[in-house]
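Quick note: the coordinates plus some simple rules give every number you see, no bench work behind them. What you see is a predicted model; the values in this text were computed from it and never measured. Quick reminder, even Gly has a Cβ in these numbers, built from the backbone with ideal geometry, and neighbours come from all protein chains shown.
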Amino acid sequence: TGVGKYTWPDGATYTGEVRRGLRHGRGVQAFADGRVTYDGEWKDGMRHGIGTLTFDADGYARYEGEWRDDRKHGKGRMQYASGNWYEGGWACDQKNGRGVMRWPDSGETYDGDWVDGKPHGAGTHAWNRTAPSTDKQDKQTTSSPGSSTWFNTRNSYVGQFAA
């Protein structure tokens with residue numbers, strides 16, 4: 001029991017608490033590529049407890065939340081490199097339970113139940129998007145300041161989803 005630093009042949013490192021030669025307690029692992037890091041709690045050599053797995057050097061793409069037996073499990077938030085994000089329940093590295101997924105570029109949101117990484121059960125999928133209209137005949141659009149014609153889509157489906 002104590003604090004140590006391990007270095008693997010590929011260049012990956014771990015600095016933090018150890019017990020019986022295993023990562024155990026609080027510690028940081030930096031993977032060999034230099035972009036991926038895990039900063040959080042460990043148990044018997046596996047991610048377990050609260051921690052953050054960062055997928056890129058600038059720290060934008062990441063998972064922050066609970067871990068069990070080296071897998072995302074419990075409550076957590078995944079921020080994807082695309083700007084999309086999911087916040088809610090996880091089990092065995094998959095979205096499970098109640099959660100919200102947001103796709104900012106398309107203006108979509110799903111708020112509901114998840115099973116094995118897919119919407120399943122009660123939920124709401126909403127589309128809230130404003131975009132340029134390509135239909136010059138569309139007389140039901142509103143004009144934005146300037147010369148562009150815009151349309152608004154504010155639709156949603158509330159009900160049951162099946163994976």
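State which stretch of the chain is the longest one without any exposed trypsin sites (Lys or Arg not before Pro), exposure meaning a DSSP loop state and at most 13 other Cβ atoms within 10 Å. Can you show the working numbers first?
Working: sites that count: R20, K136, K139.
Formally, the longest exposed-site-free interval is 21-135.
What you get for the stretch 6-136, charging only the Cβ of Lys and Arg (+1) and of Asp and Glu (-1), is a dipole of about 260 debye around the Cα centre. Note on the stretch 65-123: with charges restricted to the Cβ of Lys and Arg (+1) and Asp and Glu (-1), its dipole about the Cα centre is near 100 debye.
For the chain, the Kirkwood estimate of the hydrodynamic radius, built from every pair of different alpha carbons, is 18.5 Å.
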